[in-house]
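These notes are about the structure you will find just below.
The values are calculated or read from the model by the stated rules, or taken from the named source; none is laboratory data. Small disclaimer: the values here were computed from a predicted structure and weren't measured. Glycine gets a Cβ as well: all are built from the backbone with ideal geometry, and neighbour counts include every protein chain shown.
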Amino acid sequence: MFKKILIANRGEIAVRIIRACREMGIATVAVYSEADRDALHVQLADEAVCIGPAPSKDSYLNIQNIISATVLTGSEAIHPGFGFLSENSKFAKMCRECNITFIGPDAESIELMGNKAKAREIMKEAGVPVIPGTEGALKSEEAAHEMAEIIGYPVMIKAAAGGGGRGIRIVYSRDELSRAYNTAKTEAQACFGDDTLYMEKFIDKPHHIEFQILGDKYGNIIHLGERECSIQRRNQKVLEEAPSAFLTPELRVKMGEAAVKAARKVGYHNAGTIEFLVDSSHNFYFMEMNTRVQVEHPITELVTGIDIVKQQIRIAAGEALNIKQEDIKLRGHAIECRINAEDPSKEFRPSPGKIIGLNLPGGPGVRVDCAVYQSYSIPPHYDSMIAKLIVHSEDRNSAIARMKRALGELLIEGVVTNIEFQYEILCDDRFVKGEYDTSFLKDKLVKSE
């Protein structure tokens, strides 16, 4: 087992990893930008190294500085968390070349599944259902028009190297296609340095369901059930729950088997997520694979009793999975609300600033993963998520009631947050009945205007 791990991230996920390491008796090294000098992860780690100025490109995306900090501190491994360098195959490859263990899959798996167009081809070969669309990348605007006529409108144009909801355009008619193609191409180049696009049939009002998988380096792969991620705004998840109220037991088995098959096809090891779209008739289609730990991993941990971050570390250290598929039993229901420093009344504009009052909820079945504290100043340079509020209870109705109670106890003063917005979601009849899909928030926001 590792003696020291460097966490190449910030915020609540860095704190989460530090806590797991401490329970495993592993020393930790935090890296931080100049803007994060007073951050909680810096205070909790055994050591801390400044890796550059506030902008991410100069710090948390600065591969050379992170590798240097790892060598300087004698760390044996790097945990990348999510975002930043977590799905950067070049970074994973450099770690290997420097004899540093990357706590995640190998560079080849990241590269294969990171290109969404290539991933589609691989999944088709594996027999995993995929959404009708291009076999490879779109070669031109003319090719986009031809493909759209073949698969039928509406279609979705997507960045092959995309993620985080960027580089995506939904096109409902031929007249919209040229503009959508060119704006998606420009956005993809700006966000990912790669303007390659592909096209899929747009599945209207689907459920976004993802399956958590774990695989070791010896070919053992299991899934830990699903998460319902359909509460989204502009393709960004807002609230997640596990298990999904929409899936039947039979569909859960079929999708779980497909997720394992997908991971096995690319020789995957460590934690990962297979994401599917499920239409109203319960047909499911592979969407993408995330080759890292997910923001919403806590709800899976609560319904399975398995610590996913510790499993990541054990797998990276060369240990075999000591869990079999038949050991996985989903117990109760869990919900996660992402708490963001943003103003829902002003187009969800980020709200950085100093926290002058803070009360975190507690009691039975309540977990808070956060990186803020009293008098902490939220910097303006990074993602607006400052905490995750997670609850677990014996069934979905009691989990909703518990989350409402926990949100009522959560107090963050000095900055504007989305706490009330999350509470409104929980009170909505469609959500309470479990009768919602990815159109839920869009419809809700339109009605409230």
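Quick grid of which residues meet (1) touching a Pro at 6+ places or on another chain (Cβ under 8 Å); (2) farther than 25 Å from F82 by Cα; (3) in the same structural domain as L330 (by TED's automatic domain parsing):
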| residue | (1), (2), (3) |
| --- | --- |
| G353 | no, no, yes |
| L360 | no, no, yes |
| V368 | yes, no, yes |
| R396 | no, yes, yes |
| A401 | no, yes, yes |
*Kindly check whether there is at least one residue in the stretch 242-265 that is under 15 Å from the mean Cα position of the chain (by Cα) and either modelled with pLDDT of 95 or more or not assigned by TED's automatic domain parsing to the domain that holds Y423 (or both).*
yes
*Evaluate the following for C21: is it under 24 Å from the mean Cα position of the chain (by Cα) and closer than 28 Å to Y268 by Cβ?*
yes
*Which residues, taken from the stretch 198-230, are surrounded by 24 or more Cβ atoms within 10 Å (Cβ to Cβ) and of a type in the set (V, I, T)?*
I209
*asked:* So, in the stretch 221-244, how many residues would count as being out of contact with any Phe, Trp or Tyr (no Cβ under 9 Å at 6 or more places or on another chain) and within 27 Å of S393 (Cα to Cα)?
replied: 9
_The listed residue being in a helix (DSSP H, G or I), small (G, A, S) and either crowded, with 16+ Cβ neighbours inside 10 Å or not assigned by TED's automatic domain parsing to the domain that holds M289 (or both), out of A48, A117, A54, A137_ = A117
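For the stretch 349-449, which helices (runs of 4 or more DSSP H) that fit wholly inside it have 2 or more residues that are farther than 26 Å from N235 by Cα and at pLDDT 95 or above? Talk me through it step by step, then tell me what you get.
Values: elements: 396-409, 419-427, 429-432, 440-448.
Ranges flagged: 396-409.
Would you mind stating whether H333 is touching a helix residue (DSSP H, G or I) at 6+ places or on another chain (Cβ under 6 Å) and closer than 22 Å to D428 by Cα?
On the way: touching a helix residue (DSSP H, G or I) at 6+ places or on another chain (Cβ under 6 Å): yes; closer than 22 Å to D428 by Cα: yes.
Judged against the criteria, H333 is a match.
When you scan the stretch 193-268 for strands (runs of 3 or more DSSP E) that lie fully inside it, which ones turn up with 2 or more residues that are touching a Leu at 6+ places or on another chain (Cβ under 6 Å) and closer than 30 Å to D343 by Cα?
Values: elements: 197-201, 207-215, 221-233, 236-242.
In the stretch 193-268, the matching strands (runs of 3 or more DSSP E) lie at 221-233.
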